[in-house]
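Accompanying notes for the structure given below.
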Amino acid sequence: YCSAGLGLIWTFMHSTQQAPLQILEDALLGVDKDGKIAFIGKGGELNKLSQDFGFSPSEVTQLTKDEFFMPGMVDTHIHAPQYSYAGTALDLPLLQWLDTYTFPVESRFRDLEFAKKVYTQVVKRTLRNGTTTACYFATIHTDASLLLGKIANDFGQRALVGKVCMDMNNSVQHYKETTQDSQDETRRFITELLKKKYPLVKPVVTPRFVLSCTGPLLGELGAIARDNNLHIQSHISENAQEVKIAKEMFPESETYTDIYHKFNLLTDKTVMAHGCYLSDDELNLFKETGASLSHCPNSNISLCSGVLNVRNVLKHKVKLGLGTDVAGGYSASMLDAVRRARDTSKFITIQTPEHETLTFEEVFRLATLGGSQALSLDEQTGNFEVGKDFDALRVNVAAPEGPIDISQEEGPKVGSVSPNHVCWFVFFSVTGDDRNIVEVYVAGRKVIPFTEPTAE
């Protein structure tokens, strides 16, 4: 600990704007009493750094050769209530799936006991999976949405939480709001969540998507976000049928993106999920406004919705992160999102051989620094830089009862790749899972292994 903080020595792996993977070997990192990174130096500088920052060398934690630290992962799009049926109900395309499964299940979250059970499960599971930051959709129910914010705070997860807004729903009539109620309840949700002064939980304005919202509601939500300087989240161009209906609903708008832009919902604090069918002109508008995309490959494949060409998004310099999109995506693990993003990129290469397949290093950046940038939280988290919060995973590739078998002291030589790089690759590629994540830190606080919140 340095000045009542944490001192760690060994290998740190993270991304920077310049490098998708940077390996800091024999590194010494200090965390101050506020959970922020105070310094990053070399292990050989231990004595000097201990004097400069006022800690004892004996207080430093040294990792084993099979361990490394990486930034906590950022899930830029997840539906917390849908965790209750994750892994099931993947037999229909998007719009029919919403009508048949999603809306009936979400309508149950007016029951706060049911909401508490599911929301506790999803927060604990995502933290256990290494998600230190999550951008949650809740439901239209204000009190249950506030409960999700409380649970995230109690377990120490950094979160953006959104009360869903929808004043149109022809399939499940009891699961919608009036336009006025949606506005009023959104304001109440924002006011009450901010009043709690949770250090890591913030509200996000959440129109479900264009097909569930009238123009007047979209316009009011844009004004609420602007007047309160809030984040915005929604969906865009996930499914071809959805795109067609959106254009029919708003014929005065040239594109789906123009609809959100018209209602002031495309800002530098906006994250839109999917974007499979966005044109180059629409991507240019994302870049101009500073809006972000959340790539949700598991959901895109599972619901047969479409494929996002991530390379093209990056070429347009649009901020981009990864999302699990539970329960359209069947897994709440960001490691799964990483692997499915690579698979999707390979699918595109099969169809178009000249396509440049994403590397694991690039997808690693999307899951960490890219996600923090997509949520406009990169000044607080996303990588290891002095002044940022220490959001981190301690990974042990040789964890007892883990999924990785270490069969020899030295594996096969892979060019000039270091052994630490090999450990990282084995964990990320297809083998590692939550059993390899032995500790999770958010803002310097150890949240895994769990310490159950104290009952009020």
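The values are calculated or read from the model by the stated rules, or taken from the named source; none is laboratory data. Everything quoted here is computed from the prediction, not taken from an experiment. Note: ideal-geometry Cβ built from the backbone for every residue, glycine included; neighbour counts use all protein chains shown. Ligands, DNA and RNA are stripped out before the accessible areas are found, and what is left, the full protein with its side chains, is counted by its heavy atoms. Shrake-Rupley method; radii C 1.70, N 1.55, O 1.52, S 1.80 Å.
Please list, ordered by chain and number, the residues whose modelled amide H lies under 5 Å from the amide H of Ala159; skip anything fewer than 5 residues away on the same chain.
For Ala159, the qualifying residues are Ala134, Val201, Lys202.
Pairs of Cα atoms under 8 Å, at least six residues apart: use those to get the relative contact order of region 146-251, whole percent.
Details: 130 pairs, mean separation 30.6, N = 106.
Relative contact order here is 29 percent.
Mind pulling the angle between the C-alpha long axis of helix 215-228 and the longest principal axis of the chain? Nearest 10 degrees, somewhere in 0 to 90.
Roughly 40 degrees between the two axes.
About the Cα centre of the chain, how large is the charge dipole given +1 on each Lys and Arg Cβ and -1 on each Asp and Glu Cβ? Please answer in debye to the nearest 20.
500
If you line up the Cα atoms of region 73-375 on their principal axes, what length do they span on each, largest first, in Å?
Each principal axis gives a Cα extent; for region 73-375 these are 51, 46, 36 Å.
Under 5 Å between amide hydrogens, which residues at least 5 positions from Leu322 or on another chain qualify, with H placed 1.01 Å from N in the peptide plane?
Counting only residues 5 or more places away or on other chains, the set is Thr76, His295, Gly371.
Between the alpha-carbon centers of region 88-141 and region 315-332, tell me the distance in whole angstrom.
16
Run the helix sum for the chain: -39,500 (n - 2.57) per DSSP H stretch of 4+ residues, divided by residue count, reported at 222 nm to the nearest 500 deg cm²/dmol.
Roughly -10000 deg cm²/dmol at 222 nm, from the helical runs in the chain.
With the other protein chains left in place, how much accessible area per residue, in square angstrom, belongs to the chain at a 1.4 angstrom probe?
Normalised by residue count, the accessible surface of the chain is 40 Å².
Enter the angle in degrees (range 0 to 90, nearest 10) between the Cα long axis of helix 334-351 and the first principal axis of the Cα atoms of the chain, meaning the one along which they spread out most.
70
Report, to the nearest 10°, how far helix 112-128 tilts away from the longest principal axis of the Cα atoms in the chain, using its own Cα long axis and a range of 0 to 90°.
40
Can you list the trypsin sites (Lys or Arg not before Pro) in region 26-86 that are in a DSSP coil and have 13 or fewer other beta carbons within 10 angstrom?
Lys33, Lys65
Looking at Pro353, Thr76, Pro57, which one has the Cα that reaches farthest to the positive end of the dipole of the chain (charges on Cβ: Lys, Arg +1; Asp, Glu -1)?
Working it through, the farthest residue towards the positive pole turns out to be Pro57.
Residue-wise, which Karplus ³J(HN,Hα) couplings in Hz belong to region 94-105, taking 6.51 cos²θ - 1.76 cosθ + 1.60, θ = phi - 60°, and x for glycine or proline?
Running phi through 6.51 cos²θ - 1.76 cosθ + 1.60 with θ = phi - 60° gives 3, 5, 5, 4, 4, 5, 7, 10, 5, 5, x, 5 Hz.
State, as an integer percentage, the relative contact order of the chain based on alpha-carbon contacts under 8 Å between residues 6 or more apart.
Once normalised by length, the contact order is 19 percent.
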